[in-house]
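The values are calculated or read from the model by the stated rules, or taken from the named source; none is laboratory data. Everything quoted here is computed from the prediction, not taken from an experiment. FYI the Cβ positions are ideal-geometry reconstructions off the backbone, even for glycines, and counts take in every protein chain you see.
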Amino acid sequence: MAATNYELWKTKIITGEPELSIVIPTYNEEQRILPTIGAISWFISKTRANWELIIADDGSTDKTLEAVKQLEFPNLSLLTTQRHVGKGAAVQQGMLVARGRYILYCDADNSTPIEEITRLLPKVEQEGYDIAIGSRDLRSRARTKSPLLRHWSRHWRAWVVKQLLHLPIQDTQCGFKLFTQQAAQNLFQMQTIKSFAFDMEILYLATRWQYNIAEVPVGWVDAFESRFGTQEVHRFLFDLPRIRQNHRQDVFAVAAESLVPRGMPLHNAR
Amino acid sequence: MTNQSNSTVRILQLNGRFDAFEAADVAAQLDELMIGESPRVIVNMANVVFIDSAALATLIKAMKRARQRNGDCRLCALQPQVQVIFELTRLNQAFEIFKDEYTAIQSFREMPAYASDSAPVAGQLRWGTRA
């Protein structure tokens, strides 16, 4: 049965609005992307026929695009850009073209196994949350051999985020987040940060627009080849204060005028 | 794994998620099994639920190393979702893959240096299977 579902999904185009869209941002992922596509395609096809996969590439210079194109899956869309802008830009592009009733974005290394979506989906499908985000800090299911420096790096980032944005969320940067289509359309249209810090902006906006956010413990495997190097740290520190600054300058409000959000914005910054 | 000889088939059984986190340990285990002039290794993947690129690279390296020495590293009992990953990466064309361990062992009988009276030696490598 599972094999039949997978074969159908990879050969026949779905009709109507998808129940689920999955967005994967990529940048030079020629090695890691195919196993992840395989795992996701198989697992999701077991339970859902009507879903789409979107690979949002951020200007890869390796053979990522060729690897994805040669699959020729009718329900897989490949979005490309001419130059490398940032992970936030790729996710934004994918989230805004996704047609699914629910939209997940996840990392290209499958570091949070796709099976964990079964923990997030009931939150939005049955419990009425607008957003369900994976959290690596809510239970000790993570498998990691990270050097101590990298472990600290993740924690100081979390500390900085807490100090600057006062988000009531433990893990803002887990690359495994599920949105209703309405929340995704609203929030990602207002996104201004194109770097790794885009997660914080989206969550900052989501709390200010009073979306209901469920933080859900998920398993996680450290994939070692982190792209969060010195350059990204500098950009992170530069971008983070801009989130509130952009809000003060009413960038968000201007962008929001053209939207019909479900959530109502909070007017006073914390 | 102390009974090394050219005609012995060695079996490595893997469990759970085979990824970058486990690749170094598995590579070391495979290295230990590659002793001898014509190493014959079977990786039993019946309990493997996901394989990533680092793990695939580990298996490719083992396969190449074995073939350079007139042996082979063969795979068996792939779960469907893992089979899909081999198909998408086209590595199903590079490896000899068998439906079960018995068939994989039998396949080595066709190789010239295999002694029919030698019993396979099982190497076990386990890690915490995900809930």
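Which of the residues belonging to segment B:23-37 are at pLDDT 90 or above and of a type outside the set (A, V, I, L, M, F, W, C)? B:Asp25, B:Gln29, B:Asp31, B:Glu32, listed by residue number. Restricting segment A:51-84 to residues that are away from every other protein chain (no Cβ under 14 Å) and out of contact with any helix residue (DSSP H, G or I) (no Cβ under 9 Å at 6 or more places or on another chain) leaves a set whose member that is farthest from A:Gln231 (Cα to Cα) is A:Glu52.
Counting only residues that are polar (S, T, N, Q) and modelled with pLDDT under 60, segment A:204-248 holds 1 of them. Quick one: count up the residues across segment B:57-70 that are in contact (Cβ under 8 Å) with a residue 12 or more places away in the chain and either within 14 Å of chain A (Cβ to nearest Cβ) or surrounded by fewer than 22 Cβ atoms within 10 Å (Cβ to Cβ) (or both). Residues flagged as in contact (Cβ under 8 Å) with a residue 12 or more places away in the chain and either within 14 Å of chain A (Cβ to nearest Cβ) or surrounded by fewer than 22 Cβ atoms within 10 Å (Cβ to Cβ) (or both) within segment B:57-70 amount to 9. Among the residues of segment B:95-105, is any surrounded by fewer than 17 Cβ atoms within 10 Å (Cβ to Cβ), under 20 Å from B:Asp25 (Cβ atoms), away from chain A (no Cβ under 14 Å) and not aliphatic (A, V, I, L, M)? No, because not a single residue in segment B:95-105 is surrounded by fewer than 17 Cβ atoms within 10 Å (Cβ to Cβ), under 20 Å from B:Asp25 (Cβ atoms), away from chain A (no Cβ under 14 Å) and not aliphatic (A, V, I, L, M). Where strands (runs of 3 or more DSSP E) fall entirely within segment A:42-125, those with at least 3 residues that are modelled with pLDDT of 95 or more and surrounded by 21 or more Cβ atoms within 10 Å (Cβ to Cβ) are at A:51-57, A:102-106. Taking every residue in segment A:215-234 that is within 25 Å of B:Phe18 (Cβ to Cβ) and pairing it with any residue that is modelled with pLDDT under 80 and crowded, with 20+ Cβ neighbours inside 10 Å, at least 6 positions away or on another chain, the pairs with Cβ-Cβ distances below 9 Å are A:Phe228/A:Arg157. For segment A:1-41, the set of residues classified as within 11 Å of chain B (Cβ to nearest Cβ), part of a loop (DSSP other than H, G, I, E, B) and of a type in the set (D, E, K, R) consists of A:Glu29, A:Glu30, A:Arg32, listed by residue number. Taking the listed residues B:Arg90, B:Arg40, the one that is over 20 Å from A:Pro113 (Cα atoms) and at pLDDT 95 or above is B:Arg90, with no other qualifying.
Sort through A:Glu29, A:Glu52 and tell me the only one that's touching a Ser or Thr at 6+ places or on another chain (Cβ under 7 Å), of a type in the set (Asp, Glu) and in contact (Cβ under 8 Å) with a residue 60 or more places away in the chain. Criteria check complete, one pass: A:Glu29. Pairing residues of segment A:105-116 that are more than 9 Å from chain B (Cβ to nearest Cβ) with residues that are outside any strand (DSSP E or B) and of a type in the set (Ser, Thr, Tyr), at Cβ distances under 7 Å and at least 6 apart in sequence or on separate chains, gives A:Cys106/A:Thr112; A:Ala108/A:Thr36. Among the residues of this structure, B:Leu91 counts as one that is at negative phi, within 14 Å of chain A (Cβ to nearest Cβ), of a type outside the set (Ser, Thr, Tyr) and surrounded by fewer than 23 Cβ atoms within 10 Å (Cβ to Cβ).
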